[in-house]
Amino acid sequence: MSRIGVFGGTFDPVHYGHIWLARQAADELSLDKLIVVPAKNQPFKLDRRITPGYHRYNMLKIAFAHDDVISISDLELNKDDISYTVDTLREIRGQRNGDDEIFFILGADAFLKIEKWKGAEELLRDYSFAAGVRPGIIKRELDELISRLEALYGTKTVIINNRQTEASSTEVKSVIKSGKAPGVLPEDVGRYIEANGLYQGIY
């Protein structure tokens, strides 16, 4: 049995907060493989302008170029419909050994809303979770949710003690637009953004 991590998100752009969480999760969970899956149309961000998928995919490939355990998947980018986690995990599970343990990796802020997601019961019953700590999250609230989900669904949840950054992707885009160089981007990703003129318009 293998331990597989799936890390989904918009990654617009990928920054050190994402990178640190992915690497720390791979290490703390002893993952055999971690699949990073950029979303095409994320259900909670349908009202936002999102950078074309191929740019976000390319930036992820650059950011994780030297990580042997981590790979980038265009599974969601190749679909026209909304990217729902439950559908993605079903597809990944169908491509692998049925005995593999699959962890979905996300920030603790997103995990606190997990019961509102499409297919929440299936997600919580059939998959494990790894939640990365985020600034401002109340640990007691998180612990109470983990205990309740375990009692209701048998959900296995691991808290990842990842290195944190206060910056969000929205703030990174704002800094780039102002003409400054964000300090939370790998240099190669920054060069890709500059070469392709990304984040110069209105976001």
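Throughout, read-outs are computed from the coordinates displayed, never taken from laboratory work. Note that the structure is a prediction, hence the values are computed from the model and not measured. Note: ideal-geometry Cβ built from the backbone for every residue, glycine included; neighbour counts use all protein chains shown.
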When the charge dipole of the chain is computed with +1 at the Cβ of Lys and Arg and -1 at the Cβ of Asp and Glu, the Cα pointing farthest to the positive end, of Gln200, Leu149, Leu185, is that of Gln200
Nearest 10, in degrees from 0 to 90: the angle of helix 85-94 to the longest Cα principal axis of the chain is 70
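Ordered by packing density, taken as the mean number of other Cβ atoms within 10 Å over each peptide's residues, highest first, how do 64-72, 95-103 rank?
Packing proxy ranking, top to bottom: 64-72, 95-103.
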Unit-weight point scatterers at every alpha-carbon of the range 3-166, Debye formula, q = 0.21 1/Å: log10 I(q)/I(0) is -1.69
In debye to the nearest 20, the charge dipole size for the chain, taken about the Cα centre with +1 at each Lys and Arg Cβ and -1 at each Asp and Glu Cβ, equals 540
Excluding near-sequence neighbours (fewer than 8 apart on one chain), the chain holds lysine pairs with C-alpha atoms under 24 Å apart numbering 29
Here the relative contact order (percent) of the chain, from C-alpha pairs under 8 Å and at least 6 apart, is 26
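At a 10 angstrom cut-off on C-beta neighbours, averaged per residue, how do the peptides 151-158, 121-128 rank from highest to lowest?
Answer by packing, highest mean first, reads 121-128, 151-158.
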Note: probe point = Cα of Arg3 + 7 Å toward Cβ; backbone nitrogen < 14 Å; residues of the range 138-161 passing the test are 156-161
For the chain, the longest principal axis of the Cα atoms and the Cα long axis of helix 16-28 enclose an angle in degrees, to the nearest 10, of 30
Given 55-62, 172-179, the highest-first ranking by average Cβ count within 10 Å works out to 55-62, 172-179
For Ala130, other-chain or 5+-apart residues with amide H closer than 5 Å (H placed, Pro excluded) are Phe104, Ile105, Leu106, Val158
In degrees, nearest 10, the alpha-carbon axis of helix 53-63 is tilted away from the dominant principal axis of the alpha carbons of the chain by 80
Taking the chain and counting helices only, DSSP H stretches of n ≥ 4 at -39,500 (n - 2.57) each over all residues, the nearest-500 ellipticity at 222 nm comes to -11000 deg cm²/dmol
Residues whose modelled amide H sits under 5 Å from the amide H of Ser83, counting only those 5 or more places away in sequence or on another chain, are Lys40, Asn41, Gln42
Stretched fully, the stretch from Leu152 through Asp109 gains (0.36 nm per residue minus C-alpha distance, one decimal, in nm) 13.4 nm
